[in-house]
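Student: Handing you a structure now.
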There are 2 protein chains.
Amino acid sequence: MTAEETVTGVDAAGGRPVVPARGAQRPLGLAEVGVTGGFWAELQATNAGATLEHCESWMERLGWLANFDRVASGTTGPERPGWSFSDSEVYKLVEAAAWEYGRTGAPSADAMVRRLTARIAAAQDADGYLSTCYGHGGQDARYSDLETGHELYNTGHLLQAAVARLRTTGADPLVDVARRAADHVCAEFGPDGRQGVCGHPEIEVGLAEFGRALGAGRYVEQARLFLDRRGRGILRDIPLGRAYFQDDVPVREATVFRGHAVRALYLSAGAVDVAVDLGDDDLLGAVARQWDHTVERRTYLTGGMGSRHQDEGFGEDWELPADRAYCETCAGVASVMVSWRLYLATGDVRYADLMERTFYNVVATSPRSDGRAFFYANPLHQRTAAGVGDDDTVSPRAEGGTRAAWFDVSCCPTNVARTLASWQAYAASSGPRELTLLQYAPARIATGFDDGGVLAIEVDTAYPADGTVTVRVADAPAHAVMLRLRVPPWAGGAVLSEGGRTTVVAPGFAVVDRPLVPGEQIRLVLPVAPRLTWPDRRVDAVRGCVAVERGPLVLCAESVDLPAAVTLDDLLVDPSAPPVPHDDGAMLRTAGGDDIVLIPYHRWAERGPSAMRIWLPSR
Amino acid sequence: MTAEETVTGVDAAGGRPVVPARGAQRPLGLAEVGVTGGFWAELQATNAGATLEHCESWMERLGWLANFDRVASGTTGPERPGWSFSDSEVYKLVEAAAWEYGRTGAPSADAMVRRLTARIAAAQDADGYLSTCYGHGGQDARYSDLETGHELYNTGHLLQAAVARLRTTGADPLVDVARRAADHVCAEFGPDGRQGVCGHPEIEVGLAEFGRALGAGRYVEQARLFLDRRGRGILRDIPLGRAYFQDDVPVREATVFRGHAVRALYLSAGAVDVAVDLGDDDLLGAVARQWDHTVERRTYLTGGMGSRHQDEGFGEDWELPADRAYCETCAGVASVMVSWRLYLATGDVRYADLMERTFYNVVATSPRSDGRAFFYANPLHQRTAAGVGDDDTVSPRAEGGTRAAWFDVSCCPTNVARTLASWQAYAASSGPRELTLLQYAPARIATGFDDGGVLAIEVDTAYPADGTVTVRVADAPAHAVMLRLRVPPWAGGAVLSEGGRTTVVAPGFAVVDRPLVPGEQIRLVLPVAPRLTWPDRRVDAVRGCVAVERGPLVLCAESVDLPAAVTLDDLLVDPSAPPVPHDDGAMLRTAGGDDIVLIPYHRWAERGPSAMRIWLPSR
């Protein structure tokens, strides 16, 4: 660390993944938001209790962890196990464990960070270079394949892991490793260095946040440099075309997210960071416009992005097949990253709306309820009942019919893990005298204002099963504050009860703007009755179909729930009969008069092999 | 050649690609059927006048031909240009030129066969092995990568080329090369040899027909051996799964064509050959059932097969997206190969029906009207107007928006060329006292019967623009013969006029069974007015859409024809107003009251960048 940089410490950063230099909203982190129960607490508990260990044990078993030991001991070689990006899985697991430790203080999570850090650190070269795949013992030379080598991608994830550690624990050996790695990248790829970029964006968002966390502007500057270089054919062309890695058009000139979805979204997240910190509103506007176009025309009902298996990529506008939807789990995570940054920059509620949709229907869909198997692809229609995965086998394919314990390319499990461990950091934001609730869960939230006042609330809700959200004021400043509760776009007729008044509130934000009294209760009721959703008629793939949603949950018909006489291939529903609530899903009438059960999409494929569809033929 | 095998000569084989040992129908070849004008004659003329030279010149330019010279001169190496299967393109071009010479006697086609044969022959090893990619000067060892090496696949195409030469010219240096190659394969992969199969089927169908052409049963036996080995996990597993190369289930146990479409179809063609020649009705029935299932559930309106780009493969049942339809041109060619063999074996008209559909809407769609650019993929919906291809550049991708002069993987141009050059060999068949017309074109057909009688006819028609087919009897035996004319399934209300009678004939065959009189005319009128076609409701991708067909032609809306106020994204047609004929296509009313022009699908993308769709939203 150079003299002008100081770690600002846990309290200052408050366990937040993203801390922009400026913006419309200030994020609240793990230090300010505690989830006390409900839907997300359960997922977090499973993540902590099963998934972290599950990921570590698979990476040990497959030698992805030993790859670091072999570099450290000088015994590595070209036949190293794992893809070139397997290092990043280790870093994402460290990030997950760091957030988990920040969230709960669990010693086991801290111990995981420490033992993995020790092995990672031992593999770092003297000049800061860190890779188990290149540059050692008969391996290809450093940066000899920027298109597919993933070295900078891996480093980006290392930096994100270090940010998690810095913002939850403070200075740490992992942070030292990351700083040396970041310095190496700046030295190697700086203005006078290699004029290259990584085939898989991620270093940009990693550098930007690490620079923020350390107050080291040169890292943000290096991120800007990578962004500026990209989009001009700096990478070798490939059969899938340069759009695959967003090297076809500079990010500020693009009009839509395109190519490989995770690449496009990680890049966009980094672009927002750079735009915000360097005051580049032109760049910020470009990403916001791309988001608009993409969400209108290239995003599934679930929030899933990326319709093509071939290149794990966005297809054309309106190309949204339900059966061949790729909707990679990681693209869901990356979409949340982009939307969160755009929300913080602009305060526009639509970004938080999409985050909720993606959280419930992509991120929560991936892990099996025991936290030990995952969807990689998240199709909206599974035509044939897929076999149950063997939990002892690495799945070679990213098909969507069954959750797999581990994948040959296993980016999704650790991405889910780091997102769940930090979930509440995306649940609320604040302003000078304002607190905004974005995602609903039983929670305790306390945040301070610049004038020293503190607003503390307790949120009680059974959301999303029930639409009532009760906020009890525990502590409040004497002066007026603004409490804002997000009203999702589907929640027409939402009702706010506060200060003796009951009012219908429109989608956007329900606002209470007055002095709050400790002990008082504010109640928002969001109508979560099942509802029919019709597709845009330009989405050819689901013309003549209807979907059913319930609150933020997309529902689906699963073959195991169907009456014997009804098959998913022949299903025809009668949309004139409104869906009615049934357990946490709904019942819907078929044209033949049967009632069929619809369940939350995120829980499909938990009961053995099954077929499934979200969009139901209605004519 | 061993003593018991003799080349039967041109007359005996009559320029026929397929001559089964038994079957319901006997194929008529180039010696018996001459196309004298019309749709296919025009394509054949362009093929002869442009495509053959075009293919040779691209393969020269890219070094695919020089690969043979380099092996011959001992100067080849691992950095050889082209994929491992580029040799097969040369063989398919030789096959095309051989058929072309057989069809027209053009000296230029014969010269092409001879000059290419000389270069091929020079590269053959002393033991018969022939490959420019393996086994020489620093290259990987022979058969070291059966999964992706394509050595046997290449050899299969060499054998098919030799069949074309044998059946049009007779004994020839190319036939000698092929015989040595086939003997090498039998020695290497025989019962006591390598227990392997090729990752890309083709050797089976090549060996079987070459064995037929030479009367060499051991080649058919070797084909059987390859078929029997396959489907038991004999190949290494790959990320796409063993279904990709049909090594998941033995061909006689499979229920549907699956995996990579061209692989599946070449394999099936070989399976029919083996089944027929070895009297294996169980195997024949298995392929026929797979065809039934595939045509019902995995085949596009165009006859195109293979919906997935990812693996160039069949998708699931009913997974038939219009926009992402892969429908590789080669799969269309391969589908014709399978259907022709099944037709000859069974006489079932449905195989000929599918052939017609595929000929007009896949095979004829691929080549640009000048014969110098080709579609690789044949989607049924192009969302965005693709740029016009640069005729001087190799297309790296098999996307469908524009025809390309050549491809990085360039299997389709030569496959089109060999099919067009031999097209009339699929147009008619015969029985003991029967002649059957399957495909309609102006033609002269003359065939002899076992009793020495000759039936000679002249066919006059403007089909498919017009549905009238007139058959003039030029010569006929004194006894009764059966003349059968195929009535396509869409031709309800077809009318047959003969012998002073006019009768309505049902789809299937219109039959005249009596002594024919030289000079008499028989007329079949097929109703080719434009008609609406509705999809099976289980095809989710086109629910709520309708297509328009006209005779055997599938029509499409192309953006360049639309009124300014109508876009393909917003198009909504009014199916209550029947389509009316317009040029060689139709006019159809939109819901907004505009009339839009529909053109034959096979001629789309000839007028600059355009969007296109076959399935038109109707509600």
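The values are calculated or read from the model by the stated rules, or taken from the named source; none is laboratory data. Being a predicted model, the structure only gives us computed values, none of them experimental. In this analysis, Cβ positions are derived from the backbone assuming ideal geometry, glycine residues included, and neighbour counts consider all displayed protein chains. Surface accessibility is based on the protein's heavy atoms, side chains included, excluding ligands, DNA and RNA. Shrake-Rupley method; radii C 1.70, N 1.55, O 1.52, S 1.80 Å.
Student: Looking at (1) open to solvent by 10 Å² or more (accessible area, probe 1.4 Å); (2) touching a Ser or Thr at 6+ places or on another chain (Cβ under 8 Å); (3) within 14 Å of another protein chain (Cβ to nearest Cβ), can you tell me which one residue A:407 breaks?
Tutor: (1)
Student: Can you name the condition, by its number, that residue B:248 falls short on among (1) closer than 19 Å to residue B:334 by Cα; (2) within 14 Å of chain A (Cβ to nearest Cβ); (3) surrounded by 17 or more Cβ atoms within 10 Å (Cβ to Cβ)?
Tutor: Tallying (1) closer than 19 Å to residue B:334 by Cα; (2) within 14 Å of chain A (Cβ to nearest Cβ); (3) surrounded by 17 or more Cβ atoms within 10 Å (Cβ to Cβ), residue B:248 fails exactly one: (1).
Student: To continue, here is another question. Might you check whether a residue that is in contact with a Lys or Arg (Cβ under 6 Å, 6 or more places away or on another chain), away from chain B (no Cβ under 14 Å), open to solvent by less than 30 Å² (accessible area, probe 1.4 Å) and modelled with pLDDT of 95 or more occurs anywhere in the stretch A:565-576?
Tutor: no
Student: Tell me the residue from A:532, A:571 that is out of contact with any Leu (no Cβ under 8 Å at 6 or more places or on another chain) and touching a residue at least 24 places away in the same chain (Cβ under 8 Å), please.
Tutor: Within the list A:532, A:571, the selection yields A:532.
Every residue, every condition in (1) open to solvent by less than 40 Å² (accessible area, probe 1.4 Å); (2) over 15 Å from residue A:341 (Cβ atoms); (3) in a loop (DSSP other than H, G, I, E, B); (4) within 14 Å of chain B (Cβ to nearest Cβ), yes or no:
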| site | (1), (2), (3), (4) |
| --- | --- |
| A:187 | no, yes, no, no |
| A:194 | no, yes, yes, no |
| A:206 | yes, no, no, no |
| A:228 | no, yes, no, no |
| A:237 | no, yes, yes, yes |
| A:240 | no, yes, yes, yes |
| A:243 | yes, yes, no, yes |
| A:254 | yes, yes, yes, no |
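Student: Kindly establish whether residue B:322 is in a helix (DSSP H, G or I) and small (Gly, Ala, Ser).
Tutor: no
Student: Output the residues belonging to the stretch B:374-392 that are within 12 Å of another protein chain (Cβ to nearest Cβ) and at pLDDT 90 or above.
Tutor: Result: B:377, B:379, B:380, B:381, B:382, B:383, B:384.
Student: Given the structure, is residue B:91 crowded, with 18+ Cβ neighbours inside 10 Å, aromatic (Phe, Trp, Tyr) and either without any contact (Cβ under 8 Å) to a residue 24 or more places away in the chain or out of contact with any Leu (no Cβ under 7 Å at 6 or more places or on another chain) (or both)?
Tutor: No, not satisfied.
Student: So in the stretch B:302-315, with the set limited to residues that are part of a loop (DSSP other than H, G, I, E, B) and open to solvent by 30 Å² or more (accessible area, probe 1.4 Å), which one is farthest from the other protein chains (Cβ to nearest Cβ)?
Tutor: B:312
Student: For the stretch B:392-421: of the residues being touching a Lys or Arg at 6+ places or on another chain (Cβ under 7 Å) and part of a loop (DSSP other than H, G, I, E, B), which is nearest to residue B:100 (Cα to Cα)?
Tutor: Checked the stretch B:392-421; the qualifying residue nearest to residue B:100 (Cα to Cα) is B:405.
Student: In the set B:508, B:401, B:467, which member is within 14 Å of chain A (Cβ to nearest Cβ), touching a residue at least 40 places away in the same chain (Cβ under 8 Å) and farther than 30 Å from residue B:159 by Cα?
Tutor: B:401
Student: Going through B:284, B:240, B:265, B:278 one at a time, which residue ends up being of a type in the set (A, V, I, L, M, F, W, C) and within 18 Å of the chain's Cα centre (by Cα)?
Tutor: B:265
Student: Looking only at the stretch B:525-558, how many residues end up being within 14 Å of another protein chain (Cβ to nearest Cβ) and open to solvent by 30 Å² or more (accessible area, probe 1.4 Å)?
Tutor: Number of matching residues: 5.
Student: Quick one: residue B:200 ticks every box in (1) within 24 Å of residue B:72 (Cα to Cα); (2) under 21 Å from the mean Cα position of the chain (by Cα) except a single one, so which number is it?
Tutor: Just one mismatch for residue B:200, condition (1).
Student: Can you list the strands (runs of 3 or more DSSP E) lying wholly within the stretch A:442-536 that have 3 or more residues being within 20 Å of residue A:427 (Cα to Cα)?
Tutor: A:443-448, A:454-461, A:468-475, A:481-487, A:508-514, A:521-525
Student: Let me ask something else. Would a scan of the stretch B:259-276 turn up a residue that is surrounded by fewer than 24 Cβ atoms within 10 Å (Cβ to Cβ) and charged (D, E, K, R)?
Tutor: no
Student: Check the stretch A:107-121 and report whether any residue there is in a helix (DSSP H, G or I) and within 18 Å of residue A:412 (Cβ to Cβ).
Tutor: There is no residue in the stretch A:107-121 that is in a helix (DSSP H, G or I) and within 18 Å of residue A:412 (Cβ to Cβ).
Student: Restricting attention to the stretch B:289-301, which residues are assigned to a helix (DSSP H, G or I), hydrophobic (A, V, I, L, M, F, W, C) and buried (at least 21 other Cβ atoms within 10 Å of the Cβ)?
Tutor: B:291
Student: In this structure, does residue A:499 turn out to be on the phi > 0 side of the Ramachandran plot, out of contact with any strand residue (DSSP E or B) (no Cβ under 6 Å at 6 or more places or on another chain) and small (Gly, Ala, Ser)?
Tutor: Yes, satisfied.
Student: Please pick out the residue among A:318, A:340 that is away from every other protein chain (no Cβ under 14 Å) and touching a residue at least 40 places away in the same chain (Cβ under 8 Å).
Tutor: A:340
Yes/no per residue for (1) within 22 Å of residue B:26 (Cβ to Cβ); (2) small (Gly, Ala, Ser):
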| site | (1), (2) |
| --- | --- |
| B:455 | yes, no |
| B:461 | no, no |
| B:468 | no, no |
| B:476 | yes, yes |
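Student: If you don't mind, there's one more thing I want to ask. Just one of (1) open to solvent by less than 40 Å² (accessible area, probe 1.4 Å); (2) in a helix (DSSP H, G or I); (3) of a type in the set (A, V, I, L, M) trips up residue B:130, so point out which.
Tutor: The one condition residue B:130 does not meet is (2).
Student: Name the pairs whose Cβ atoms lie under 8 Å apart, with the first residue in the stretch B:232-256 and at pLDDT below 95, the second open to solvent by 70 Å² or more (accessible area, probe 1.4 Å), and 6 or more positions between them or separate chains?
Tutor: Close Cβ pairs satisfying both conditions: B:239/A:397; B:240/A:397; B:241/A:397.
Student: Let me ask you something else. Are any residues in the stretch A:582-603 within 29 Å of the chain's Cα centre (by Cα), open to solvent by 40 Å² or more (accessible area, probe 1.4 Å) and free of Cβ contacts under 8 Å to residues at least 60 places away in the same chain, and if so, which ones?
Tutor: A:583 - this is the single residue of the stretch A:582-603 that is within 29 Å of the chain's Cα centre (by Cα), open to solvent by 40 Å² or more (accessible area, probe 1.4 Å) and free of Cβ contacts under 8 Å to residues at least 60 places away in the same chain.
Student: What single numbered condition from (1) surrounded by 23 or more Cβ atoms within 10 Å (Cβ to Cβ); (2) under 25 Å from residue B:216 (Cα atoms) fails to hold for residue B:329?
Tutor: Unmet for residue B:329, out of (1) surrounded by 23 or more Cβ atoms within 10 Å (Cβ to Cβ); (2) under 25 Å from residue B:216 (Cα atoms): (2).
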